[in-house]
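Student: The following block contains the structure, expressed as structure tokens.
The values are calculated or read from the model by the stated rules, or taken from the named source; none is laboratory data. Quick caveat, the model's predicted, so the values are computed rather than measured. Because the Cβ atoms are built from the backbone with ideal geometry, glycine has one as well, and the counts that use them run over all protein chains shown. When the accessible area is computed, the model is the full protein with side chains, heavy atoms only, and any ligands, DNA or RNA have been set aside. Shrake-Rupley method; radii C 1.70, N 1.55, O 1.52, S 1.80 Å.
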Amino acid sequence: MSKIEEFRQIVEDQIQMLEGMKRPEGLYEPVRYVLSLGGKRLRPALCLASAALFGDYSTAVMPALGLEVFHNFTLLHDDIMDESEVRRNQPTVHKKWDNNTAILSGDAMLIKAYELMTKSPVGVLPQVLEVFNKTAMEVCEGQQFDMDFEKTIDVTEDGYLDMIRLKTAVLIGGSMKIGGILGGGSLRDCSLLYKFGQDIGMAFQLQDDWLDVYGDQMSFGKKIGNDILTNKKTFLLITALNRLENESKGELLSWIERKEYEADEKIAAVTSLFNEAGVSEIVQKKRDDYFFRSIENLEKINGNKEIKSELQSFAHKLMARAR
């Protein structure tokens with residue numbers, strides 16, 4: 001078992017033992033439910049790996065757990081805003097219970113995340129909270145940009161990249177920086193860890209966008225073309241809208257506006273327009289730019305060579321899925 005898998009297991013075990021979440025049942029049952037749905041436990045595992053780079057990771061266990069609780073809190077509230085009915089193949093909290101329950105249980109999760117963060121050693125607590133506060137606020141900013149984008153066609157490629165940086169990538173970068181601080185890493189090394197995590201997050205999201213159109217359904221594990229059917233503002237759609245002209249742009253806009261269509265026909269037509277705009281190559285290049293920059297930053301970090309090598313191999317595995 002790799003070190004990162006070990007760290008994931010530590011987080012999983014700790015989630016089962018979270019204290020002080022018994023009564024009232026109506027508040028805490030949805031919290032336990034959302035945390036029991038699983039997930040990759042990516043952020044807390046990377047937090048522990050970052051601490052282990054420089055020394056003992058044990059002081060990072062509770063704050064790492066706080067990062068996972070915070071991440072799941074954001075998903076719970078996002079699901080209410082997006083009116084999503086399913087999360088990880090299970091009913092979302094607001095569907096299983098109701099909106100009010102989901103809002104309040106989400107609030108409780110945010111408070112619990114802070115409680116776990118404050119279990120950092122007192123000497124580094126101000127630095128840890130500074131990174132966590134900044135990251136948490138940026139995630140909210142990213143969600144607002146995402147909601148704004150739903151109401152307009154006029155989104156730039158840079159605007160989209162900034163949105164996914166805030167909504168997704170900063171939490172991975174922040175998790176790694178917090179781990180580095182807790183492990184005793186230097187200011188320089190913690191900053192490089194942040195950049196590594198953020199760029200991997202960007203590459204991962206762009207890969208996700210690309211796979212939804214060009215991936216293999218069996219390997220990807222999700223239905224191909226769902227983003228096209230829901231007119232989701234991905235980097236592919238935004239790039240196509242900004243690069244197609246005249247009739248082709250008009251055709252793409254008409255597919256976005258149509259209320260009735262055959263799913264397979266829409267996916268085929270929009271994919272063809274993406275191909276005409278050269279979208280696949282543009283997205284892959286952008287993804288690779290982030291990925292290679294992340295590896296360059298990782299190589300500059302001091303610390304345990306075995307953990308560094310694990311982080312590098314983790315990054316490669318993340319990008320290799322169903323490519």
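Student: Would you mind telling me which numbered condition in (1) polar (S, T, N, Q); (2) within 19 Å of the chain's Cα centre (by Cα); (3) open to solvent by 20 Å² or more (accessible area, probe 1.4 Å) SER294 fails?
Tutor: Status for SER294: all satisfied but (3).
Student: Here is a list: LEU192, LEU182, LEU161. Which entry is in contact (Cβ under 8 Å) with a residue 12 or more places away in the chain, touching a Pro at 6+ places or on another chain (Cβ under 9 Å) and either open to solvent by 10 Å² or more (accessible area, probe 1.4 Å) or assigned to a loop (DSSP other than H, G, I, E, B) (or both)?
Tutor: It is LEU182.
Student: Which of (1) part of a helix (DSSP H, G or I); (2) farther than 18 Å from MET21 by Cα does LEU104 not meet, given it meets every other one?
Tutor: (2) is the only condition that LEU104 fails.
Student: Show the residue pairs meeting these rules: Cβ distance below 8 Å; 6+ apart or different chains; first residue within segment 55-69 and open to solvent by 50 Å² or more (accessible area, probe 1.4 Å); second residue of a type in the set (Ser, Thr, Tyr) and modelled with pLDDT of 95 or more.
Tutor: Once the first residue is open to solvent by 50 Å² or more (accessible area, probe 1.4 Å) and sits in segment 55-69, its partners that are of a type in the set (Ser, Thr, Tyr) and modelled with pLDDT of 95 or more give THR59/SER120; MET62/SER120.
Student: Working only within segment 258-279, note down all residues that are in a helix (DSSP H, G or I), touching a helix residue (DSSP H, G or I) at 6+ places or on another chain (Cβ under 8 Å) and closer than 16 Å to SER248 by Cβ.
Tutor: LYS266, ALA269, VAL270, THR271, LEU273, PHE274, GLU276, VAL279
Student: Mind counting the residues in segment 10-48 that are closer than 25 Å to ASP199 by Cα and out of contact with any helix residue (DSSP H, G or I) (no Cβ under 6 Å at 6 or more places or on another chain)?
Tutor: Qualifying residue count, segment 10-48: 4.
Student: Can you tell me which residue is nearest to the chain's Cα centre (by Cα) among those in segment 159-191 that are farther than 22 Å from MET117 by Cβ and hydrophobic (A, V, I, L, M, F, W, C)?
Tutor: Selected residue: ILE164.
Student: Another question, if that's okay. Please verify whether ASP154 is within 13 Å of LYS233 (Cβ to Cβ), open to solvent by less than 40 Å² (accessible area, probe 1.4 Å) and acidic (Asp, Glu), treating the condition exactly as stated.
Tutor: Taking the combined requirement at face value, the residue does not satisfy it.
Student: Let me ask something else. LYS308 passes all but one of (1) without any contact (Cβ under 8 Å) to a residue 12 or more places away in the chain; (2) open to solvent by less than 60 Å² (accessible area, probe 1.4 Å); which number fails?
Tutor: Going through the list (1) without any contact (Cβ under 8 Å) to a residue 12 or more places away in the chain; (2) open to solvent by less than 60 Å² (accessible area, probe 1.4 Å), LYS308 breaks only (1).
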